[in-house]
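Asker: A single structure is presented below for examination.
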């Protein structure tokens, strides 16, 4: 037979104290649901918003993104080469909204970190308890003499997928056979470091088939780059004599451009292009600077465990805008950071320390249809910054069936990451 024990006065006092302690341990969750705003609807921002919803259904989450359709950069080089249509790169936020996330189709114009408010382009003001900045990159136009937004209409950067992608494609289609395509590559840091060389490869594929007398010149502000031996082997095999690269130490750094004459000036020579793809230096999206989260470098210093800004309280920064050490600025890295940041925010709101994240990243490069290679890494905080814990790259001397298999894997990866983020 069960024995019923009546509570004593000591039990009541002890229970009340436990309830009070629990309330103090998680004040935000004990009161009104915390308001989390995410600025930027790319891979990082959208992944973060959806992860927040999965981790805590009570949160009030708003994703602020002026574009109703997201255009993905991965695989956009195939659009330039005529191998893919831009529509295959485009995704809506319908499924994000269906998760119960408010999607504000406005631009954020101001952040008041002290008041914890965001001004939107329609005049509305949004309050937040925590803010996640995922603004991606902006072009640092004033860092390259002669290059500005007007110049980009004649010398497209195509470093944000969309209108610029199609502009570069149209210029290549209109170019006479025998023309010179010049690709100007900036120094690091930049979004997706191997992408300029993938672009050179796929443009060469297009020219080989359509305009075989044409050449590509890569003017590079770096001496070395990611997966260099793999690219060089592919160029020698697939495009012999079509692609020339001039590295930094050889005079490849672009010092100025003249869009009126299509002239590109370097430390040791001038070049006139039939088509000029000028990729300028980059920095964090403008709203990061407005919020006070960007430092003198133009990028945002963060705590690597929580992604909290080192400059502004109650703000986190993820994706390309963040100074993240050894993690490349890529779609997979941004999505992984978004999920880890969401977990850190939920832990913080519950009064708990964030777990040290272990982030996976993958980067696929396609140099021709059915020919790709990859770099895959695991990244963890080390000495207050991210460092490579494990990195594997495709073997340089792999047979073609391996390149085909990696091309198939690249397509599967793109389908998975876009499905997880926007589907």
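The values are calculated or read from the model by the stated rules, or taken from the named source; none is laboratory data. Given the structure is predicted, the values throughout are model-derived calculations rather than measurements. Glycine gets a Cβ as well: all are built from the backbone with ideal geometry, and neighbour counts include every protein chain shown.
Asker: Look through 92, 69 and report the one residue that is free of Cβ contacts under 8 Å to residues at least 40 places away in the same chain and within 27 Å of residue 164 (Cβ to Cβ).
Answerer: None of the other options fit; the residue is 69.
Every residue, every condition in (1) in the same structural domain as residue 275 (by TED's automatic domain parsing); (2) part of a helix (DSSP H, G or I); (3) over 25 Å from residue 321 (Cα atoms); (4) in contact with a helix residue (DSSP H, G or I) (Cβ under 9 Å, 6 or more places away or on another chain), yes or no:
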position: 172; (1), (2), (3), (4): yes, yes, yes, yes
position: 193; (1), (2), (3), (4): yes, no, no, no
position: 208; (1), (2), (3), (4): yes, yes, yes, yes
position: 231; (1), (2), (3), (4): yes, yes, yes, yes
position: 236; (1), (2), (3), (4): yes, yes, yes, no
position: 240; (1), (2), (3), (4): yes, no, yes, no
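Asker: Looking at (1) closer than 23 Å to residue 374 by Cβ; (2) in contact (Cβ under 8 Å) with a residue 40 or more places away in the chain; (3) surrounded by 19 or more Cβ atoms within 10 Å (Cβ to Cβ), which is the one condition that is false for residue 233?
Answerer: Among (1) closer than 23 Å to residue 374 by Cβ; (2) in contact (Cβ under 8 Å) with a residue 40 or more places away in the chain; (3) surrounded by 19 or more Cβ atoms within 10 Å (Cβ to Cβ), residue 233 violates only (3).
Asker: If I filter the range 394-423 down to residues being over 24 Å from residue 70 (Cα atoms) and in contact with a helix residue (DSSP H, G or I) (Cβ under 7 Å, 6 or more places away or on another chain), which single residue comes out as surrounded by the most Cβ atoms within 10 Å (Cβ to Cβ)?
Answerer: Filtering the range 394-423 for residues that are over 24 Å from residue 70 (Cα atoms) and in contact with a helix residue (DSSP H, G or I) (Cβ under 7 Å, 6 or more places away or on another chain), the one surrounded by the most Cβ atoms within 10 Å (Cβ to Cβ) comes out as 394.
Asker: If you scan the range 245-302, which residues turn out to be free of Cβ contacts under 8 Å to residues at least 60 places away in the same chain and over 24 Å from residue 219 (Cα atoms)?
Answerer: Correct list: 289, 294, 295, 296, 301, 302.
Asker: Does the range 343-362 contain at least one residue that is buried (at least 21 other Cβ atoms within 10 Å of the Cβ), at pLDDT below 95 and touching a helix residue (DSSP H, G or I) at 6+ places or on another chain (Cβ under 8 Å)?
Answerer: Checking the range 343-362: at least one residue is buried (at least 21 other Cβ atoms within 10 Å of the Cβ), at pLDDT below 95 and touching a helix residue (DSSP H, G or I) at 6+ places or on another chain (Cβ under 8 Å).
Asker: Can you name the residue in the range 86-98 that is closer than 19 Å to residue 199 by Cβ and in contact with a helix residue (DSSP H, G or I) (Cβ under 7 Å, 6 or more places away or on another chain) and, of all such residues, is surrounded by the most Cβ atoms within 10 Å (Cβ to Cβ)?
Answerer: Top of the filtered list is 89.
Asker: For the range 165-180, enumerate the residues that are more than 13 Å from residue 80 (Cβ to Cβ) and either surrounded by 20 or more Cβ atoms within 10 Å (Cβ to Cβ) or without any contact (Cβ under 8 Å) to a residue 60 or more places away in the chain (or both). Give the steps one after another, and end with the answer.
Answerer: Residues of the range 165-180 more than 13 Å from residue 80 (Cβ to Cβ): 174, 176-180.
Passing the criteria: 174, 177, 178.
Asker: Right, here's the next one. Out of curiosity, is residue 101 more than 23 Å from residue 412 (Cα to Cα), in the same structural domain as residue 231 (by TED's automatic domain parsing) and touching a helix residue (DSSP H, G or I) at 6+ places or on another chain (Cβ under 6 Å)?
Answerer: no
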